[in-house]
Amino acid sequence: MSFESDKSIAFLIAKTRNILKNEMEKELKPYSISYAQRVILIRLCEKDGLTQKELAQDTYFEQSNMTLMLDKLELKGLIKREPKENDRRAYLVKITAQGRNLKNVLISLGDNVIERAFKGVSNDQKEELTNMLQLIYENLKNTTSRS
């Protein structure tokens, strides 16, 4: 059996992630919000008041990129940063009312993209895919943490 990169699991996952992200970016364009900014805003709706480091860890973004993304969200009035008590080097990232008001729109746009992506896929298949991806992630995460 020969290897075909176009059919490899890693390639298919990467290709699918890229097209999902691109489709999401198209949907978000009227709101002048990037996919990454959407992820941050939704996470802050779920867990407000995280430090920049915690937010980077929670969203799987590099901490070095987080500052720029937060700067842009702050300029738009969607988040604010407040000094953390007892640690003058750290800031808590908080979503503003304006940012929180976008939550339902941001979730709905994501749901629409996912609905298009899963056209013709049964609920059982979606659940099985979710479970498999979670297992793959956990396997690799556990391997990486042992290194």
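The values are calculated or read from the model by the stated rules, or taken from the named source; none is laboratory data. These numbers come from a predicted model, not from an experiment. Using ideal geometry, Cβ is built from the backbone for each residue, glycine included, and neighbour counts are taken over all protein chains shown. The accessibility values were calculated without ligands, DNA or RNA, using every heavy atom of the protein model including side chains. Shrake-Rupley method; radii C 1.70, N 1.55, O 1.52, S 1.80 Å.
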Between the range 7-25 and the range 33-51, the alpha-carbon center distance in angstrom: 22
Under 26 Å Cα to Cα from Lys21, which lysines show up? Leave out anything in the same chain fewer than 8 places away. Lys7, Lys29, Lys47, Lys53, Lys72, Lys76, Lys80, Lys94, Lys103, Lys119, Lys126, Lys141
What's the carbon and sulfur percent of the chain's accessible surface, probe 1.4 angstrom, rounded to a whole number? 52
Read phi for every residue in the range 113-129 and hand back ³J(HN,Hα) as whole Hz from Karplus 6.51 cos²θ - 1.76 cosθ + 1.60, θ = phi - 60°, with x for Gly and Pro. 5, 5, 4, 5, 5, 9, 4, x, 9, 6, 4, 4, 5, 4, 5, 5, 4
Considering the range 79-119, what Rg and Dmax in Å follow from its alpha-carbon atoms? 16.3, 50
Any idea which of Tyr91, Leu140, Tyr31 is furthest toward the positive side of the dipole for the range 22-147, if Lys and Arg beta-carbons carry +1 and Asp and Glu beta-carbons -1? Tyr91
Taking 0.36 nm per intervening residue step and subtracting the Cα-Cα distance, what contour gain separates Lys126 from Lys94 on full extension? 8.2 nm
Inter-label distance for Leu133 and Glu115, nm, one decimal - labels placed 7 Å from Cα along Cα-to-Cβ: 1.8
Which is the longest part of the chain that has none of the GluC sites (Glu not before Pro) sitting in a DSSP loop with at most 11 other Cβ atoms within 10 Å? 86-147
Rounded, prolate or oblate: which fits the range 1-78 when a ≥ b ≥ c are the square roots of the eigenvalues of the alpha-carbon gyration tensor, with rounded for a/c under 1.5 and prolate only if a/b beats b/c? prolate
Taking Val105, Val113 and ranking on accessible area (1.4 Å, protein atoms only), highest first, one gets Val105, Val113
Along each principal axis, Cα extent of the chain, largest first, Å: 59, 41, 26
Once label points are set 7 Å from the Cα along Cα→Cβ at both Tyr60 and Glu25, what is their separation, rounded to one decimal in nm? 1.8
What longest range of the chain stays clear of loop-exposed chymotrypsin sites (Phe, Trp or Tyr not before Pro) (DSSP non-H/G/I/E/B, at most 12 other C-beta within 10 angstrom)? 61-147
